[in-house]
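Here the structure is laid out as structure tokens; the discussion comes afterwards.
The values are calculated or read from the model by the stated rules, or taken from the named source; none is laboratory data. Keep in mind that what you see is a predicted model, and the values were worked out from it rather than measured. Every residue, glycine as well, gets a Cβ built from its backbone with ideal geometry; the counts of neighbours run over all protein chains shown. For the accessible areas, the whole protein counts, side chains as well, though only heavy atoms, and no ligand, DNA or RNA atoms are used. Shrake-Rupley method; radii C 1.70, N 1.55, O 1.52, S 1.80 Å.
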Amino acid sequence: MPAPSDKASRHWFVTGASGGLGRHLTEHALRNGDRVTATVRRRAALEDLREMYGDRLTVEILDLTRPADVDKVVGRTLRSGPVDIVVNNAGYAVVGAAEEMTVQQIRDQIEVLLLAPMVITRAFLQPMREQGGGRIIQISSVGGQVGIPTHSSYHAGKWGLEGFTESVSREVSDFGIYLTLVEPGATRTGFASALQYTTETTVYRDNAVGQTRHSLETADESVFTGDPAKLAAAIYDTTRHPSPPLRLTLGSDSYSAIHTALTERLTALETQKDLAESVAFTH
């Protein structure tokens, strides 16, 4: 399928592209004439797109919990030519009380949600700097700003990603490299059906943990308002903007929840103004 003649073709690197938002982004970029290197766990997941778009789509098998594999895949990708847009999309959530989570579950969450995006981001900074710029899209979540019971490890990864990204964005803006955190709300991507659960303990069954767990176990994604195709289009549009936002909140539910959380934090902070000032040395 030929690229549209009115747009310069760009090269994307997208993790977690086998389904959900990652696949929608991959399709949207290809449809608009760009090239994509897409990482998946199973190569067959994108076979239909390979047949449709040919060599404009490169599929790489990648396990984000193995940093050595990340280095190899990124190295091969860069040898094939400059990368203009990186999308750290892959992710999942373990649901349960913090006390119920195993150390391995916690480690795996941090590996996928935080360490892997950090490693991938760092790997592309030098080549982007040397080529005169680039875009890095970090798929965060409403959970990168708002905390709920049962998601402690997920929040640790997403909140960490937000802090990392905000810091790096200030380090590299002089080089024409822009980072954007995308904070979607409930979106029909199949994410809810892929949730992993801890072994439930009776002590948490009847409190906020148990209530949240039950609502997630019985969640019906048909009521989610987020359209992943529209999210992909909105994200794509930011990559064409000369001055993209650091944070892109998508979904009325995400906007409302984050607005409430930030307002509550600001109100709480303002009550501490006098105390904050009182700990200075007295001259």
Exercise. Is there any pair linking a residue in segment 112-137 that is free of Cβ contacts under 8 Å to residues at least 40 places away in the same chain to one that is assigned to a helix (DSSP H, G or I) and open to solvent by less than 30 Å² (accessible area, probe 1.4 Å), with Cβ under 9 Å and at least six apart or on different chains, and which?
Worked result: 122/168
Exercise. Hey, among the residues in segment 177-206 that are more than 26 Å from residue 224 (Cβ to Cβ) and among the hydroxyl-bearing types (Ser, Thr, Tyr), which one's least open to solvent (accessible area, probe 1.4 Å)?
Worked result: 201
Exercise. Based on what the data block shows, is residue 218 over 23 Å from the mean Cα position of the chain (by Cα), modelled with pLDDT of 95 or more and farther than 30 Å from residue 133 by Cβ?
Worked result: no
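So, in segment 206-230, exactly how many residues are in a loop (DSSP other than H, G, I, E, B) and farther than 14 Å from residue 151 by Cβ?
7
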For this session: Scan segment 120-149 for residues that are outside any helix (DSSP H, G or I) and under 12 Å from residue 83 (Cα atoms) and jot them down.
Result: 132, 133, 134, 135, 136
Problem set entry | Matching option when the condition is over 30 Å from residue 29 (Cβ atoms) and not basic (Lys, Arg), among 221, 270 | 270
Exercise. Which one of the conditions (1) in a loop (DSSP other than H, G, I, E, B); (2) open to solvent by 80 Å² or more (accessible area, probe 1.4 Å) does residue 243 fail to meet, given that it meets all the rest?
Worked result: (2)
Exercise. What are the residues in segment 193-215 that are under 23 Å from the mean Cα position of the chain (by Cα) and in contact (Cβ under 8 Å) with a residue 60 or more places away in the chain, if any?
Worked result: 194, 195, 196, 197, 198, 212, 213
Problem set entry | Checking residue 117 against (1) open to solvent by 20 Å² or more (accessible area, probe 1.4 Å); (2) modelled with pLDDT of 95 or more; (3) in a helix (DSSP H, G or I), the condition it does not meet | (1)
Problem set entry | Candidate set: segment 246-256, residues that are under 23 Å from residue 169 (Cβ atoms) and in a helix (DSSP H, G or I); chosen: the one least open to solvent (accessible area, probe 1.4 Å) | 254
For this session: Give just the number: which of (1) under 24 Å from residue 66 (Cβ atoms); (2) open to solvent by less than 10 Å² (accessible area, probe 1.4 Å) does residue 96 not satisfy?
Result: (1)
Exercise. So residue 105 fits all but one of (1) open to solvent by 50 Å² or more (accessible area, probe 1.4 Å); (2) within 25 Å of residue 215 (Cα to Cα); (3) polar (S, T, N, Q); what number is the exception?
Worked result: (1)
